[in-house]
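Here is the structure we will look at, set down as C-alpha cells.
Coordinate-derived values only; no laboratory data. What you see is a predicted model; the values in this text were computed from it and never measured. No Cβ is skipped: glycine too gets one built from the backbone with ideal geometry, and neighbour counts run over all protein chains shown.
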Amino acid sequence: MTQTLLIENASQVVTMAGHSGKPAKKDAMRELNIVENGSVLVQDGEIKAVGKQVELEEQYQDDIAGAEVIDARGKTVTPGLIDPHTHLVYAGTRENEYAMRLKGKTYMKIMNAGGGIHATTKATREADFDQLYEESKQRLDTFFQYGVTTVEAKSGYGLSLEHELKQLEVAAKLNEDHAMDIVSTFMGAHAFPVDERDNPEPFVKQVIDEMLPEVARRNLAKFNDVFCERGVFTPDQSRRILEAGKEYGLIPKIHADEIEPYGGAELAAEVGAISADHLLEASDEGIRKMAENDVMGVLLPGTAFFLMAVFADARKMIDIGVPVALSTDANPGSSPTLSLPFIMNLGCLKMGMTPEEVMTAATINAAHAIDCADHIGSLEVGKQADIAIFDVPNYLMLSYNYGMNHVDTVIKRGNPVVRLHSGGNRK
Ligand code: NIG
Ligand code: FE
C-alpha cells in the first residue's frame, strides 16, 4: 500500500534545490531556494512534490486525499541535517582531561602522556561489541533529536586490526538496525598505538598491508582518513596510507592542520581527497589548492570552541572558492557534543559565515562531503524523504535563538522518528 505524508503550510520550506550536481561554492552557498507557505508531499519514503500549499492541493488532490498530515504552520522545514565527520563508535568519557585543559594542560600534551586518543583507545578495546553498539545507538537517538538524519562515522579507537574491525562492524550493524543512515570511514591512522610511537614504520605498514585490505574485503568503509599532524602521522606517511586506500577504492579524507600548519590542506588537494577536515591552521597556499581542486573544507568549530583554539577562517575559504561543510566532530576528547545546530551557531558567530551559508554547509554540502548528494541533502523530487521541522518561523531564528533545540519533528525515509507535538521550545 502506498504511504503518503503531507507536511503542510510551513512558514518556510528551505529546499536547498539546485546544488545536487556539485557542491555549492562562493555566492551559491547563500542560495537556499525557499518556498514560503510551502508544503512537502512524501510518498513511500521519497519526496514526490515540494511547493506552495495551494499548488500542491490542486495538482495532487488524489494523493493528498489519503495522506497523513503534519501541520507545519509557523514552522521551518529543511532537509534532514547531515553530519559528515563523527567519531560515533567509542567507549568511555574524558571529562578528567577537560578539567586538566581548563587548568592549562594542552590537548597534545595530554595525548603524548598516554591520555587523549590513547585513553579512548584503551576503553574501546576493552569494550565488547554489545557495549559499543548500545552506547553508539544512544548517540544516534540523540542525533535524531537535533535534526540529523545521516552521519559519517570513523573508526580509529582500535588501532589494531581486530579492534578497528570491531568498531566498523558496530557501525555497519547500526546502519542496518537503526533508522539513521551511517556512512563509514576507516581511520586506522588516527594515532600510533602507545608502545609503537618510537618506531612508527611497522604500524604504517600494518595499516597499509593488513588493515586496509581487510576493511575493503569486508566492505566496511567508503572513506579512508588520516590524522596528519606533527607528532602523529607525517604528510609523507599520510600520503602513503591514503594512496594505498585508493587502490582498494577507499576515498581519501584528512584530519588536516588542526593544531598547527602541517601541509594537510595541500596534501588533500594532491591526493584528490573528497574533503580536508578541521583546517584551523591551514596555510593560504593550502586553501588555494583546495579551491582549485574542489576539495570540500569540513569545518568543525565545536573543536576550536572546546579546545579553546583559534577558529578556522571559513570566511576566507568561502570567498576564495572552497566549498564548505560543517560537522560536530562528535568525539569524547575534542568535541563531546551531538548538536549540529549548535555548530551552525558557531559557524555564524565564530567563523564569519552567514545563516544561509551554515544551512548549506549542514545540508547539501555535507551530503557532498560524504558523496551522498545524489539522494540526500535537499528537498527535491525523487530524493529520500529525510526532513527536519523546526519550531521557528524562519531559518534565521535557528541561529538567533542559540543553544536551544528547536526541533519539532524529524522524518527519516518518510517515517517520523522524532515528534514533539508540544511544539518544542517557546521563544
Ligand atoms: O577530530 N584530531 C583527531 N581526532 C579527533 C579527536 C579524537 C579524540 O580526542 O579522541 C578530532 O579532533
Ligand atoms: Fe575528527
Mean residue ellipticity (222 nm) of the chain, computed from DSSP H runs ≥ 4 via -39,500 (n - 2.57), nearest 500:
-10000 deg cm²/dmol
Collect residues whose amide H, placed 1.01 Å from N in the peptide plane, falls under 5 Å from the amide H of Gly156; neighbours closer than 5 in sequence don't count.
Met187
Using DSSP to call loops (not H, G, I, E or B), can you name the trypsin sites (Lys or Arg not before Pro) in the stretch 1-93 whose Cβ has at most 16 other Cβ atoms within 10 angstrom?
Arg73
Can you find, among Gln145, Met1, Leu174, the residue farthest towards the positive end of the dipole of the chain? Put +1 on the C-beta of Lys and Arg, -1 on that of Asp and Glu.
Gln145
For the chain, set up a GNM with springs between Cα atoms under 10 Å and report which of Pro235, Pro23, Pro213 has the largest fluctuation.
Pro213
q = 0.13, 0.16, 0.24 Å⁻¹: log10 I(q)/I(0) that the Debye formula gives for the stretch 177-228, counting C-alpha atoms only:
-0.38, -0.54, -0.94
Using a Debye calculation, one point per C-alpha and no hydration shell, please list log10 I(q)/I(0) for the stretch 17-158 at q = 0.12 Å⁻¹ in order.
-0.77
For the stretch 39-158, size of Cβ-based charge dipole, Lys and Arg +1, Asp and Glu -1, in debye:
1280 debye
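Viscosity 0.692 mPa s, temperature 37 °C: Stokes-Einstein D of the stretch 250-351 from its Kirkwood Cα radius, in µm² per second? Mind dumping the intermediate values first?
Details: Rh = 13.2 Å.
Translational D for this selection: 249 µm²/s.
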Dipole of the chain, Cα-centred, from +1 at each Lys and Arg C-beta and -1 at each Asp and Glu C-beta, to the nearest 20 debye?
940 debye
May I ask what percent, to the nearest 5, of DSSP beta bridges between residues of the stretch 1-136 are antiparallel?
70 percent
Explain nothing, just compute: Karplus ³J(HN,Hα) = 6.51 cos²θ - 1.76 cosθ + 1.60, θ = phi - 60°, for every residue of the stretch 145-151 in order, whole Hz, x for Gly and Pro.
4, 9, x, 8, 10, 8, 10
Mind checking which of His163, His278, His368 has the largest fluctuation in a GNM of the chain, springs on alpha carbons under 10 Å?
His163
Along the stretch 219-226, what does the Karplus equation 6.51 cos²θ - 1.76 cosθ + 1.60 (θ = phi - 60°) give for ³J(HN,Hα), rounded to whole Hz, x for Gly and Pro?
6, 9, 8, 9, 10, 10, 10, 9
Could you work out how far apart the two model spin labels at Glu57 and Ser283 are, taking each label as a point 7 Å from the Cα in the direction of the beta carbon, and quote it in nm?
6.1 nm
Give me, ordered by chain and number, the residues 5 or more places off Ile70 or on other chains with an amide H under 5 Å from its own placed amide H.
Leu6, Ile7, Glu8
Name the most mobile residue of Lys222, Lys122, Lys103, meaning the one with the largest mean-square fluctuation, in a Gaussian network model of the chain with Cα contacts below 10 Å.
Lys103
Each label sits 7 Å from Cα toward the beta-carbon; between Val381 and Lys22 the label points are separated, in nm, by 2.5 nm
Among the Cα-Cα pairs of the stretch 77-147, the proportion with separation greater than 14 Å, in percent, is 68 percent
Choose one of Asn224, Leu326, Gly114: the residue whose Cα lies farthest towards the positive end of the charge dipole of the chain (beta-carbon charges +1 Lys, Arg; -1 Asp, Glu; about the Cα centre).
Gly114
Using r as the Cβ-Cβ distance of Glu36 and Tyr248, and R0 as 30 Å, what FRET efficiency do you calculate, to the nearest 0.05?
0.05
What does the C-alpha gyration tensor say about the overall shape of the chain? Classify as rounded when a/c is under 1.5, otherwise prolate if a/b is larger than b/c, or oblate.
prolate
One finds the C-alpha centres of the stretch 382-419 and the stretch 130-206 to be spaced, in Å, by 27 Å
Percentage of Cα-Cα pair distances in the stretch 249-290 greater than 17 Å, rounded to whole percent?
17 percent
In sequence order, what are the phi-derived ³J(HN,Hα) couplings for the stretch 290-300 according to the Karplus relation 6.51 cos²θ - 1.76 cosθ + 1.60 with θ = phi - 60°, rounded to whole Hz, with x for glycine and proline?
4, 4, 4, 9, 6, 8, 5, x, 8, 9, 10
